Amino acid sequence: MKLLEKIWGTPNKIFRKSYSQCGEDMMIDFILEALFIKNPTYLDVGCNDPLYLNNTYFFYKYKNGKGILVEPNPHLVNKIKSKRQNDFLLNAGIGLGEVTEANYYMMDWHEFNTFSETVAKETQEHYKGQNNLKQVIKVKLITINEILETHFKTPPDILSIDVEGLDLEILKTLNFEKFRPKIICTETKVAGNINQNPIVSFLSEKGYAMFCKTPINGIFVDEKQIDTSKI
């Protein structure tokens, strides 16, 4: 944050309501203001609840933002459609190749649902019986590039990914040459003490700098958007 302030100055507003888990939306909003983006577009992969612990609801509610919400949990469909009527919901998961469906592991606490059997088991063990695997269902898969090709005329300003353990794998499939979001918010640590530090080096290779980090997520900015002459 201090580096951002050095480059772009301090934010105009101090008191704002965050809907993210650790204030990620406030950090993203600061960056958007610095980039003079008033009505951001977004791709929210792993939207989960459309309001609670959500990285894009602030922009929908206060910034006239609009985008695509990807959420595989069928039990959240009605709530998402009700609360985010101007967004478009894809009730599906993100595919990593040609496979068109996969097992979706549903936990007692739906925030921890995942497509990774390993993460589901580690989550269950980590919470010692309080957050158990309760159901496995088959879910349709769509690749992230298919979504971007179909639903965005230009790359989204914000890409938020929260998929419990598969964030890096999804990022590796993204065509950064064709679909290059200005800001990426992605989990760098997930349940079961799984560190995803390779995300930092991977995005660095793609030309993204991590300016903000919370206990859960890293927020990265496309270096092409930064005016380094102000440093």
| message | I need to check one value: relative contact order of segment 10-126, counting alpha carbon pairs closer than 8 Å and at least 6 residues apart, in percent. | response | 18 percent
| request: Averaging sequence separations of C-alpha pairs under 8 Å and six or more residues apart, then dividing by the length of the chain, give the relative contact order as a whole percent. | output: 19 percent
| query | Hey, what angle do you get for helix 117-126 against the long axis of the chain, alpha-carbon based, 0 to 90 degrees rounded to 10? | reply | 90 degrees
| query | Nearest 10 degrees, 0 to 90: what angle lies between the long axis of helix 24-34 and the longest principal axis of the chain (Cα atoms)? | reply | 30 degrees
| For q = 0.12, 0.14, 0.15 Å⁻¹, Debye-computed log10 I/I(0) when each Cα of the chain counts as one equal scatterer | -0.63, -0.88, -1.01
| How high is the relative contact order of segment 80-210, given as a whole-number percent (alpha carbon pairs under 8 Å, six or more residues apart)? | 24 percent
| Which of the aspartates and glutamates could a cross-linker span from Lys206 if the Cα-Cα distance has to be under 19 Å and same-chain partners fewer than 8 positions apart are dropped? | Asp157, Asp167, Glu169, Glu177, Glu187, Asp222, Glu223, Asp227
| Can you give the convex hull volume per residue for the Cα atoms of segment 80-175, as a whole number of Å³? | 120 Å³
| note | Note, segment 137-142: 3J(HN,Hα) by Karplus (6.51, -1.76, 1.60, θ = phi - 60°), whole Hz, Gly/Pro = x, goes 10, 8, 10, 5, 10, 9
| Among Tyr104, Tyr52, Tyr127, residue whose mean-square fluctuation peaks in a GNM of the chain (springs only between Cα atoms under 10 Å) | Tyr127
| Ranked Cys22, Cys47, criterion: other C-beta atoms within 10 Å, fewest first | Cys22, Cys47
| task | May I ask which of Lys17/Lys61; Lys61/Lys213; Lys178/Lys213; Lys66/Lys140; Lys153/Lys178; Lys138/Lys172 have a Cα-Cα span longer than 19 Å here? | result | Lys61/Lys213; Lys178/Lys213; Lys66/Lys140; Lys138/Lys172
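No lab work stands behind these numbers, since they all come straight from the coordinates. Please read all numbers here as calculations on a predicted model, not as lab measurements. Heads up, the Cβs are rebuilt from the backbone with ideal geometry, glycines too, and the neighbour counts pull from every protein chain shown.
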